[in-house]
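These notes concern the structure reproduced below.
The values are calculated or read from the model by the stated rules, or taken from the named source; none is laboratory data. Just so we're clear, the structure is a prediction, and the values are computed from it rather than from any experiment. Every residue, glycine among them, receives a Cβ derived from its backbone with ideal geometry; neighbour counts consider all protein chains shown. Just the protein is used for accessible areas: all its heavy atoms, side chains included, with ligands, DNA and RNA removed. Shrake-Rupley method; radii C 1.70, N 1.55, O 1.52, S 1.80 Å.
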Amino acid sequence: MSPRPRHLAATVAAFALGMAAAQALAQTPAKPLKAVIELFTSQGCSSCPPADALVAELAKDPELIALTLPVTYWDYLGWKDTLGKDSFAKRQKFYAKARGDGQVYTPQVVINGATHAIGSERAEIEKAVNQFATTGFAAKVSLKEENGALQIQVAPTGSESETTAGIWILPTTHQAAVPVTRGENQGRTLAYANVVRGMVRVGEWAGKEATVTAPLSATQAPEADGYVVVVQTERPNKYGYMMPGAILGAAKGLAKR
């Protein structure tokens, strides 16, 4: 029998190595999610661009879900935030009321719905993330798109409980750049990552394994190219509005559509 040509042997060896690498990758479990980071920012805030840049960097970490929620309460300074929503400003204020500290400012980061830090202070953010990572999330969230619907599977990571939480879909824009022509950031082009375009409540979680089905339209919004699903505790204030609390679990949808 004649020996195999060298180029054929090399091809077979490369194929075998590729298969081995693929199998090793398939057998490597995905790292668990450490934290959900929400940045409350404004195009009219001169101290916000460093925080915007930091959150864009954190968004690249597969163990984090980093979101940008532009607010509107600085619009009176001369520039109306083109991405801002009143509902995000209300969410930030509700967080402050739920925590009991009343602190609302930009740039502010809220980690896992429970604690806050200055959005440009990497050390403080990482400290909070690591503290939450020691205990982990109470719920594991899995997503599956099928037949025009999104199946959201939520299961407790520990023992079942009587926890009640809302299940929310947040359509997002992976990247956005905004030229600012007036206000404190006049002449700058501001870059953002994972800009939230809205929030849709699609169900509840009662602390036990469950599946909620939502239409794919709930994941979509103008200029959105991805989405995040969040399971979050909530409680009414004295006026009956639901205030967001601790985030129990989350998962990313498509990075781009």
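Numerical summary
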quantity: Carbon plus sulfur fraction of accessible area for the chain, probe 1.4 Å, in percent; calculated: 55
quantity: Theoretical ellipticity at 222 nm over the chain - DSSP helices of four or more residues, -39500 (n - 2.57) apiece, nearest 500; calculated: -7500 deg cm²/dmol
quantity: Of the DSSP H helices in the chain, those whose Cα atoms cover at least 30 Å axially and whose Kyte score averages 0.5 or more; calculated: 6-27
quantity: Cβ-Cβ FRET estimate between THR134 and SER46, R0 fixed at 30 Å, reported to 0.05; calculated: 0.25
quantity: Solvent exposure, largest accessible area first (probe 1.4 Å, DNA, RNA and ligands not counted), of TRP168, TRP74; calculated: TRP74, TRP168
quantity: Using θ = phi - 60° and Karplus 6.51 cos²θ - 1.76 cosθ + 1.60, couplings along segment 240-249 (whole Hz; Gly, Pro as x); calculated: x, 6, 7, 9, x, x, 5, 7, 9, x
quantity: Option label - Rg/Rh (Cα atoms, Kirkwood Rh) computed here, alternatives (i) 0.95; (ii) 0.98; (iii) 1.08; calculated: (iii)
quantity: Accessible surface, 1.4 Å probe, highest first, among residues MET242, MET199; calculated: MET242, MET199
quantity: Accessible-area value, ASP52, 1.4 Å probe, nucleic acids and ligands omitted, Å²; calculated: 10
quantity: Å² of accessible area per residue within the chain, as computed with a 1.4 Å probe and no ligands counted; calculated: 53
quantity: Above-threshold pairs, the threshold being 21 Å between Cα atoms, out of LYS60/LYS127; LYS34/LYS238; LYS97/LYS140; LYS31/LYS144; LYS93/LYS140; LYS85/LYS238; calculated: LYS34/LYS238; LYS97/LYS140; LYS93/LYS140; LYS85/LYS238
quantity: Length gained when the stretch GLN151-TYR105 is fully extended (0.36 nm per residue, less Cα-Cα span); calculated: 13.0 nm
